[in-house]
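The structure appears right after this line, and notes come after that.
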Amino acid sequence: MNARKTAALLTGALVLLAAPLTAGPAAATTTTATGMLAHTFNGKCVEVEDSQLTNGATVQQWDCVGQPGSGWYLEDHGAYDYIRNSNSGKCLEVEDSQTFNGARIQQWDCVGQPGAKWYARSLGNGVFNLVNANSLKCLEVEDSQYANGARIQQWDCVGQPGARLSLSPA
């Protein structure tokens, strides 16, 4: 799916939510207002641990309680998208742009690294996978766990519940 379709998918999901959302900082590219990325099977959010602002901060799942590290926005770059954290402005990325199953997801400055390039694949009804454009693997919560603090990683896209996301109001 190209970036325009990705932006349309995420924007469409926002319209369905009919809730006010905040946009991230201005960028030289198209920025689309988004919200919290929530797992559809357990309702928990993808967040930066303790809402940290540093490169390398772990991305995990946690209850969606409006914490600053749980807000994300899409930045359209044509062939791919950056998913930026609204609190830090840093990109959601696969650590060291690794391509194997189980590689850890973290935040890092957006500097064109392959591991920070994503696209959304629609599953219908506002549900989607985030697929890394470098590895072609899905962002998922490890073993589709329910616990707060469960690690976010990449894994083959095989229909697992932990890779199914939706947008929730920020």
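Annotation: per residue accessible area for the range 51-123 equals 37 Å², rounded to a whole number [probe 1.4 Å, protein chains only]. Roughly to the nearest percent, how much of the accessible area of the range 26-170 is carbon and sulfur, given a 1.4 Å probe? It is 49 percent, rounded to a whole number.
Label zone (Gln113, point 7 Å along Cα-to-C-beta; backbone nitrogen cut-off 12 Å) within the range 54-74: 55-58.
In percent, how large is the relative contact order of the range 22-153, given Cα pairs closer than 8 Å and 6 or more residues apart?
Details: 319 pairs, mean separation 29.9, N = 132.
About 23 percent, as a whole number.
Amide H contacts for Thr58 (H built 1.01 Å from N in the peptide plane; partners 5 or more residues away or on another chain; cut-off under 5 Å): Glu49.
Straightening the chain between Thr99 and Leu53 buys 14.1 nm, computed as 0.36 nm per residue apart minus the Cα-Cα spacing.
The values are calculated or read from the model by the stated rules, or taken from the named source; none is laboratory data. What you see is a predicted model; the values in this text were computed from it and never measured. When we count neighbours, we look across all protein chains shown, and the Cβ atoms used for this are built from the backbone with ideal geometry, even at glycine. In case anyone asks, the SASA skips ligands and DNA or RNA and just uses the protein heavy atoms, side chains included. Shrake-Rupley method; radii C 1.70, N 1.55, O 1.52, S 1.80 Å.
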